[in-house]
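Chemist: Input: one structure, supplied below.
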Amino acid sequence: MSSVSGVQIRRSRPEDYDAIVDLGDVYFGRDYLQSLYQKAVNDPDIYPLVAEVKGQVVGFYMNHILDGGLSVMKRAARVHPSFRKMGIMHELRQALDEHVATLRPGLQYLYLSASNDNVSDVKKEYMSQGYEEILRKPFICLDFCTKDLNVSDVTDHVSSVTTLSYNDIKLLFTLEDVLDKFFDSRIIFNNFVGYRCLESNIKHFLNENKEVCVTIASSTKPPGATTAIAIHDIDVVTFSEWFKSEVGVVYIVDIYTSQGSSDQSIQAHLWRHVDFLKKLNFGDKGIFEVSYGPNVSEEKVRSYLKQVGISELSNLPLNMEVLLEKKL
């Protein structure tokens, strides 16, 4: 219960944008909400709430419906610095839980995510409520200046990287042997959000600021062609997204490999994304973030990026993302 009198919880509206921004950045300059807020409040799969005190917006939290209604994830929690530790977040969380109750019986899973700086606190609070850690991925963040990106000699390397369409991903999700190689848990964990390998989630991977790319290990099809035969021979998959934030452009690459994926493919993907970043002309600086699994070494990722002008680690205390799940 809040220690502040007169707290009102209501649905967030497009005109709340300035007030939401005034709540402050909560992701060390990498906050996506400022850039993607208007899309979020108009998305039927997002249930966004604000907390008000005497007409002032002092908090925000939202439910994100995923997996075609099978799952819900709480995201983007924040409270104004002057109103923290007063129970505002408890009020918002309770209201979101009431919304979750309206989604049953179809709802099967609840998700939460955490980073290395808060995972102990999150587990302490939620594991007693039935949540379990199901995925954990390391990531690195590097600062870049657009003018320093050296992509003049990467054309031959990046030509092997193919961008997938909706139908390509739909096909991929039907191929159990491919899913076993890259997504054995059948969950794709990108930028702190978990998605099951379902067609209903493809819209979360492809839009004006997101892409999915692959390289094909064999020569069964030339670059740019995607058939069931070629997709069976995928070597590396990357998911990417980009948005503007306080620190400039944030460009995120999530790498998925299997045992035996080639270093050349990993290099080609990273260089292709840097090349695309430069062509975006989205700003003069920012952060390039890469998450990766056990078959990829941080040393190699940094080496490949250094060759195209990205080498300085960001001064951020984050290096791990963790996904927790509760089965209902």
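Chemist: Can residue 9 be described as in a helix (DSSP H, G or I), of a type outside the set (Asp, Glu) and surrounded by 18 or more Cβ atoms within 10 Å (Cβ to Cβ)?
Modeler: no
Chemist: Does residue 308 qualify as being surrounded by fewer than 23 Cβ atoms within 10 Å (Cβ to Cβ) and touching a residue at least 40 places away in the same chain (Cβ under 8 Å)?
Modeler: When the stated conditions are applied, residue 308 does not pass them.
Chemist: Something else: Given the structure, is residue 88 farther than 30 Å from residue 11 by Cβ, surrounded by 13 or more Cβ atoms within 10 Å (Cβ to Cβ) and modelled with pLDDT of 95 or more?
Modeler: The answer is no for residue 88.
Chemist: Still on this structure, I have one more. If I filter the stretch 164-181 down to residues being out of contact with any helix residue (DSSP H, G or I) (no Cβ under 9 Å at 6 or more places or on another chain) and touching a residue at least 12 places away in the same chain (Cβ under 8 Å), which single residue comes out as nearest to residue 256 (Cα to Cα)?
Modeler: Filtering first and then ranking leaves 181.
Chemist: Is there a residue being among the small types (Gly, Ala, Ser), closer than 24 Å to residue 192 by Cα, part of a loop (DSSP other than H, G, I, E, B) and open to solvent by 10 Å² or more (accessible area, probe 1.4 Å) anywhere in the stretch 312-322?
Modeler: Yes - at least one qualifying residue is present in the stretch 312-322.
Chemist: Moving on to the next point. Answer yes or no as to whether residue 101 is without any contact (Cβ under 8 Å) to a residue 60 or more places away in the chain, under 28 Å from residue 328 (Cα atoms), open to solvent by 30 Å² or more (accessible area, probe 1.4 Å) and assigned to a helix (DSSP H, G or I).
Modeler: Answer is yes for this residue.
Chemist: On to the next question. Would you point out which residue out of 240, 261 is assigned to a loop (DSSP other than H, G, I, E, B) and under 24 Å from residue 201 (Cβ atoms)?
Modeler: Just a single option satisfies the conditions, and that option is 261.
Chemist: Now for a separate question. Looking only at the stretch 28-43, which residues are without any contact (Cβ under 8 Å) to a residue 60 or more places away in the chain, open to solvent by 30 Å² or more (accessible area, probe 1.4 Å) and either among the charged types (D, E, K, R) or touching a strand residue (DSSP E or B) at 6+ places or on another chain (Cβ under 8 Å) (or both)?
Modeler: 39, 43
Chemist: When you scan the stretch 210-229, do you find a residue that is crowded, with 19+ Cβ neighbours inside 10 Å, aliphatic (A, V, I, L, M), modelled with pLDDT of 95 or more and in a strand (DSSP E or B), even just one?
Modeler: For the stretch 210-229, residues crowded, with 19+ Cβ neighbours inside 10 Å, aliphatic (A, V, I, L, M), modelled with pLDDT of 95 or more and in a strand (DSSP E or B): present.
Chemist: So in the stretch 192-208, with the set limited to residues that are open to solvent by 10 Å² or more (accessible area, probe 1.4 Å), assigned to a loop (DSSP other than H, G, I, E, B) and modelled with pLDDT of 95 or more, which one is nearest to residue 113 (Cα to Cα)?
Modeler: So, considering only residues that are open to solvent by 10 Å² or more (accessible area, probe 1.4 Å), assigned to a loop (DSSP other than H, G, I, E, B) and modelled with pLDDT of 95 or more, the one nearest to residue 113 (Cα to Cα) is 192.
The values are calculated or read from the model by the stated rules, or taken from the named source; none is laboratory data. It should be emphasised that the depicted structure is a prediction, and the values quoted were computed from it without experimental measurement. A quick note on method: Cβ atoms are made from the backbone with ideal geometry, for glycine too, and the neighbour counts reach across all protein chains shown. Note: areas computed on protein heavy atoms with side chains; ligands, DNA, RNA excluded. Shrake-Rupley method; radii C 1.70, N 1.55, O 1.52, S 1.80 Å.
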